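Visitor: I have a structure I would like to understand better, so I am pasting it below and will then ask my questions one at a time.
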Amino acid sequence: MKTFLKWTGIVLGSLLVLAIIGGFALYTKGSRSIQAAHAVEVAALTVPTDSASLARGAHLAGVFGCVDCHGDDLAGQEMGDAPPFRLVASNLTPGGIGREYTPADWDRAIRHGVGQDGRALFVMPSGAYNQMSDRDLASLVAYLQTVAPVENEFDRVEWKPMGRILAGGPIDVSKGVHAGTPPASHPDADSTAAWGEYFAMGVCAYCHGPNLEGQMVEDGPEPILAPDLRAAGQWPAEMFHEVMTTGVTPDGREMNPEVMPWTMTARMTETERESLRLYLASLGPAAPTDA
Ligand code: HEC
Ligand code: HEC
């Protein structure tokens with residue numbers, strides 16, 4: 001009996017030591033990924049000052065969903081506090097990071113997912129913004145520079161020990177880092193399919209897949225299918241606009257805006273939304289075997 005207890009103790013003790021060593025190795029690896037500096041190329045932006053561009057920038061902060069995470073006043077907010085991390089969307093106003101951000105810093109963060117300090121931004125969906133045109137980005141930056149300053153403590157995501165261990169394993173910290181080359185200009189938002197293509201292939205494709213034919217979204221609260229958008233392109237126009245402004249699907253289910261950000265399409269002008277619909281319609285119906 002005594003020997004048995006002794007051996008059990010040795011085995012359990014060794015396992016504990018191994019777990020601690022393993023956890024420590026992951027913790028170190030994770031901390032290194034969080035701290036790692038990423039170099040990306042940024043554009044030389046000319047930030048406009050005219051009132052039309054500022055108004056366009058304010059509109060884009062809604063259409064691109066910045067306000068959904070950073071708050072209506074863009075002063076940031078806590079998005080959750082869990083054992084791995086305290087998730088904070090930064091205060092973008094001149095009372096927060098806006099005070100120090102240069103146009104190059106804005107580009108690095110928004111289109112490439114890298115903060116001023118070179119660290120990868122977590123949860124910030126730069127993969128959806130990488131194809132934002134220079135012109136749209138410049139209008140957005142012009143607007144961000146003029147919003148009312150708010151002072152608060154919404155700075156960066158706080159990584160706790162458990163989060164650092166996860167960052168050494170399943171969590172890909174630099175998932176949002178995008179080094180792709182964004183376009184300099186974009187089609188005007190008139191009611192042709194072209195503007196819709198710009199927006200759909202940039203933003204909607206981030207979740208609905210590279211050719212909008214649907215894919216699993218794995219990084220939300222739970223894995224969920226972002227369906228094939230060729231189907232929505234075949235809906236009657238009225239139905240498409242209704243779903244995209246209310247978030248209620250044709251079968252009467254309200255979609256969670258944190259999962260499917262219909263708040264973005266709800267803020268579009270009718271012309272922009274129609275342009276999006278025309279582009280999706282131009283893709284043609286999904287092949288029956290794909291369903
Ligand atoms: C899904 C939520 C979400 C959306 C949508 C979003 N952000 Fe973020 N953003 C975040 C989070 C979370 C962080 C903090 C990341 C970190 O600290 O690692 C962040 C960080 C940033 C930063 C870097 C701030 C810093 O602390 O250095 C900038 C700039 C930024 N976002 C701008 C924008 C703009 C502009 C938009 C719209 C085009 C936008 N974000 C849309 C969640 C979001
Ligand atoms: C952050 C990820 C994400 C982005 C970005 C996104 N979607 Fe979705 N979308 C989803 C998910 C997930 C669902 C499924 C939601 C559900 O079933 O509750 C969905 C559902 C939909 C539906 C309902 C489809 C159906 O057949 O019922 C439509 C339409 C839609 N999205 C259109 C769009 C358009 C247009 C864009 C770009 C403006 C877009 N989505 C951007 C994740 C996203």
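Visitor: Could you please give the count of residues in the stretch 98-125 that are of a type in the set (A, V, I, L, M, F, W, C), in contact with a helix residue (DSSP H, G or I) (Cβ under 8 Å, 6 or more places away or on another chain) and away from ligand 2 (no atom under 16 Å from the Cβ)?
Guide: So the answer is 4.
Visitor: Let me ask something else about it. So, A61, is that one more than 24 Å from S174 (Cβ to Cβ), within 16 Å of ligand 2 (Cβ to nearest atom) and open to solvent by less than 40 Å² (accessible area, probe 1.4 Å) or not?
Guide: For A61, the condition - more than 24 Å from S174 (Cβ to Cβ), within 16 Å of ligand 2 (Cβ to nearest atom) and open to solvent by less than 40 Å² (accessible area, probe 1.4 Å) - is met.
Visitor: Tell me, please, whether a residue that is in contact with a strand residue (DSSP E or B) (Cβ under 8 Å, 6 or more places away or on another chain), farther than 24 Å from L166 by Cα, outside any helix (DSSP H, G or I) and open to solvent by less than 90 Å² (accessible area, probe 1.4 Å) can be found in the stretch 20-38.
Guide: No, the stretch 20-38 contains no residue that is in contact with a strand residue (DSSP E or B) (Cβ under 8 Å, 6 or more places away or on another chain), farther than 24 Å from L166 by Cα, outside any helix (DSSP H, G or I) and open to solvent by less than 90 Å² (accessible area, probe 1.4 Å).
Visitor: May I pose another question? So which residues in the stretch 202-249 are open to solvent by 50 Å² or more (accessible area, probe 1.4 Å) and assigned to a loop (DSSP other than H, G, I, E, B), if there are any at all?
Guide: Across the stretch 202-249, the qualifying residues are P210, N211, E213, E218, D219, P221, E222, P223, P227, Q234, W235, P236.
Visitor: Report yes if A61 is near ligand 1 (Cβ under 9 Å from one of its atoms) and touching a residue at least 40 places away in the same chain (Cβ under 8 Å), otherwise no.
Guide: When the stated conditions are applied, A61 passes them.
Visitor: Among residues belonging to the stretch 250-268 that are in contact (Cβ under 8 Å) with a residue 12 or more places away in the chain and open to solvent by 60 Å² or more (accessible area, probe 1.4 Å), point out the one that is nearest to ligand 1 (Cβ to nearest atom).
Guide: Among those residues, the one meeting the criterion is E258.
Visitor: Tell me, please, whether a residue that is touching a residue at least 60 places away in the same chain (Cβ under 8 Å) and open to solvent by less than 10 Å² (accessible area, probe 1.4 Å) can be found in the stretch 42-56.
Guide: no
Visitor: Here's something else I'd like to know. Looking only at residues that are under 13 Å from the mean Cα position of the chain (by Cα) and under 12 Å from R108 (Cα atoms) in the stretch 170-184, which one is most open to solvent (accessible area, probe 1.4 Å)?
Guide: Only one residue tops the list, namely H178.
Visitor: Just wondering, is there one or more residues in the stretch 115-132 that are of a type in the set (S, T, Y) and more than 10 Å from ligand 1 (Cβ to nearest atom)?
Guide: no
The values are calculated or read from the model by the stated rules, or taken from the named source; none is laboratory data. Small disclaimer: the values here were computed from a predicted structure and weren't measured. Because the Cβ atoms are built from the backbone with ideal geometry, glycine has one as well, and the counts that use them run over all protein chains shown. Note: accessible area is taken over every heavy atom of the protein model, side chains too, but ligands, DNA and RNA are not part of it. Shrake-Rupley method; radii C 1.70, N 1.55, O 1.52, S 1.80 Å.
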